[in-house]
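> What follows is a single structure, and I will ask about it in a moment.
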Amino acid sequence: MFDPIKAIIDFTAHASVSADPEAKPGIEGAVKFVGNLLEKELGCTVEVAPTAGHPVVIAKREGRPEWPHVVIYGHYDVQPADPLEEWHTPPFEGVVKDGELFGRGTADDKGPVMVHIAAMARLLERRPDLPLRVTFLIEGEEEIGSVNLASVMEARKAELSGEFLLMSDTTGIGRDDESITTGLRGISALEVRLRGPRQDLHSGFHGGPVMNPVRALAKLCASLHDEDGRVNIPGFYDEVVPPQDWEREEMARLDRDPEDYRKLLGVPELCPPPDFGVFESRCFGPTLEFNGIGGGYQGSGSKTIIPARAFAKISCRLVPNQDSARILDLVEQTLRERCPKGVTMEVERHHGGDPYVVLPPHLSGEPADTAKGRAFRAADLAIREQFGSAPHYLREGGSVPILSDIKRILGMDALMLSVALQDCNMHSPNEKLDLTVFERCSRVSEKILEAVADGA
Ligand SMILES: [Zn+2]
């Protein structure tokens, strides 16, 4: 009998950290593990498609050409586990405690992938002849920007195109409040490096005539927001489309207390930008954040130098209809224009991805008698059954850049069923998966797949 929780634990044991060049065994282990699982439990034909980076696992349950075809997306790669000392249990040894499964990848995205594998397994056990074609598309580079998946999709457009994409890689609100994600922010990331003197200098001998790169960087970074917290880059907001009324209403329906949220985060005060409430600003507004900053002496005590260099890592979260490449241009151009004298600048562009929105047919007025329409309807009903209340249709603040590529290349919209919860510590120490939500979501996924198969 297939035990999905044990399968997640075994999957988690492979430290498939895509950003770490040393993690090759973990990547290979995770690829092998999930491929074998899909073959053994679902009878899929499994192929490991190589890319210039980490491979993509493509597993197919084939069938008659007239059967509907659903593509299920997920990723087997995970974020680094650091800082290790903050984990209460070893990150790559899944541990169940009080209805939660702890471990790196349990919430992002190995557990959520397993929701759909478990759903398929149960469905096929009940109905071995289910008239449904399914392709699992499980990549290994989501955490580093899905750099090579688009080329795989371009090369294999026909076989990877289905009625819609089913996936779980977004976060829900709480155990009893299931949500369907209707949009994600885009992203543009870059790194700026300033160089001053050839090497660190004695701040007494040379302090005065020399521009300090840390001072220059601080000035530059501080110029990127105005007093109210708006991004201070000309043209940054030009393409921004405000949210629709129903989206704001859905958000208000949650009736969350900003004070609880403040406590959860442990910040002294919340500072949303103008025009948006605390929760609205997490998904409807664009941002520019400093992800890391450095330069000069970092050891204990003091060291009186003028550092030779300084750097900052910057990323923007984008909303419709901002274009990630254009935003990178604007940020880079602004940095160059504002670069203080006395230092030289180097800008390295990192990954990007456009924002993405999918409207559920019953809210958008799209025809509902399509596979996508049936899937959304089945999801709505099954969520009411499993969670005891109607789903929330919400955009969220994170980014899954590949979604806009999937829409562009394969022409599919995504049904995003949230599995991980907001307090799941995604990308942080003590990542965890709520097993009640896991079980409920796998029942929902089962209903979605069955409804699409039956055309009902
Ligand atoms: Zn993820």
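> Suppose we look only past 35 Å in the calculated P(r) of the chain. What percent of the Cα-Cα pairs does that tail hold? It would help to have the intermediate numbers written out before the result.
Numbers: 35014 of 103740 pairs.
Across the chain, Cα pairs with separations above 35 Å total 34 percent.
> Quick one: length gained pulling K219 to R126 fully straight, 0.36 nm per residue minus the C-alpha distance?
That pair, K219 and R126, stretches by 27.1 nm at full extension.
> Tell me whether region 145-272 comes out rounded, prolate or oblate; compute the Cα gyration tensor, take square roots of the eigenvalues as a ≥ b ≥ c, and use a/c under 1.5 as the rounded threshold.
Values: a/c = 2.58, a/b = 1.53, b/c = 1.68.
In terms of gyration-tensor shape, oblate.
> With 28 Å as the limit, write out which pairs from K32/K432; K263/K372; K60/K447 have Cα-Cα distances beyond it, or answer none.
K263/K372
> Separate question: Between the DSSP loop rule and a limit of at most 15 other Cβ atoms within 10 Å, which chymotrypsin sites (Phe, Trp or Tyr not before Pro) in region 204-308 are left?
Within region 204-308, the qualifying chymotrypsin sites (Phe, Trp or Tyr not before Pro) (loop, at most 15 other Cβ atoms within 10 Å) are Y237, Y297.
> Between rounded, prolate and oblate, where does region 1-140 land on the alpha carbon gyration tensor, with a ≥ b ≥ c its root eigenvalues, rounded for a/c under 1.5, else prolate if a/b exceeds b/c?
Values: a/c = 2.72, a/b = 1.52, b/c = 1.79.
Cα axes put region 1-140 in the oblate bin.
> As a test of the formula, what do you get for the chain when each DSSP H run with n ≥ 4 contributes -39,500 (n - 2.57) and the sum is divided by the residue count, at 222 nm and rounded to the nearest 500 deg cm²/dmol?
Helices in the chain give a 222 nm mean residue ellipticity of -10000 deg cm²/dmol.
> How would you rank 67-76, 192-201, highest first, on the average number of other Cβ atoms within 10 Å across their residues?
67-76, 192-201
> With the crude spin-label approximation of a point 7 Å out along Cα→Cβ, what separation in nm comes out for H206 versus N291?
Result for the modelled spin labels: 3.1 nm.
> Using the Cα gyration tensor of region 12-56, with a ≥ b ≥ c the square roots of its eigenvalues, what is the shape: rounded (a/c below 1.5), prolate (a/b larger than b/c) or oblate (neither)?
In terms of gyration-tensor shape, oblate.
> A follow-up question, please. Could you give the nm distance between label points at F2 and V241, where each point is 7 Å from its Cα heading toward the beta carbon?
If labels sit at F2 and V241, their model points lie 3.7 nm apart.
> Separate question: What is the packing order of peptides 111-121, 79-89, 125-135, taking the mean over residues of other C-beta atoms within 10 Å and listing the highest first? Show your work: numbers first, answer last.
Numbers: 111-121: 27.0, 79-89: 13.5, 125-135: 15.8.
Going from most to least packed, we get 111-121, 125-135, 79-89.
> Still on this structure: Quick one: dipole size for the chain, taken about the Cα centre, charges +1 on Lys/Arg Cβ and -1 on Asp/Glu Cβ, in debye to the nearest 20.
So the dipole magnitude of the chain works out to roughly 1020 debye.
> Using 0.36 nm per residue of separation minus the Cα-Cα distance, give me the extension gain between E66 and V48 in nm, one decimal.
3.9 nm
> When you take every Cα atom in region 179-242, what is the radius of gyration, and what is Dmax, the widest Cα pair distance, in Å?
Using the Cα atoms of region 179-242, the pair Rg, Dmax is 18.8, 62 Å.
> Sticking with this structure for a sec: Report the extension gain between E439 and D82 in nm, rounded to one decimal, defined as 0.36 nm multiplied by the number of residues separating them, less their alpha carbon distance.
Gain on extension, E439 to D82, equals 125.6 nm.
> Normalised by the number of residues in the chain, what is the relative contact order in percent for Cα pairs under 8 Å and 6+ residues apart?
26 percent
> Only counting other Cβ atoms within 10 Å, I'd like E289, E178 sorted with the fewest neighbours first.
Values: E289 13, E178 26.
Lowest count first: E289, E178.
> Let me ask you something else. For the residue pair L270 and A390, what label-to-label distance in nm results when each label sits 7 Å from Cα along the Cα-to-beta-carbon direction?
2.4 nm
> State, as an integer percentage, the relative contact order of region 315-456 based on alpha-carbon contacts under 8 Å between residues 6 or more apart.
Reported relative contact order: 27 percent.
Rule-based calculations on the coordinates, nothing more; no lab input. Values in this document were obtained by computation on a predicted structure and should not be read as measured data. Cβ atoms come from the backbone with ideal geometry, glycine included; neighbour counts cover every protein chain shown.
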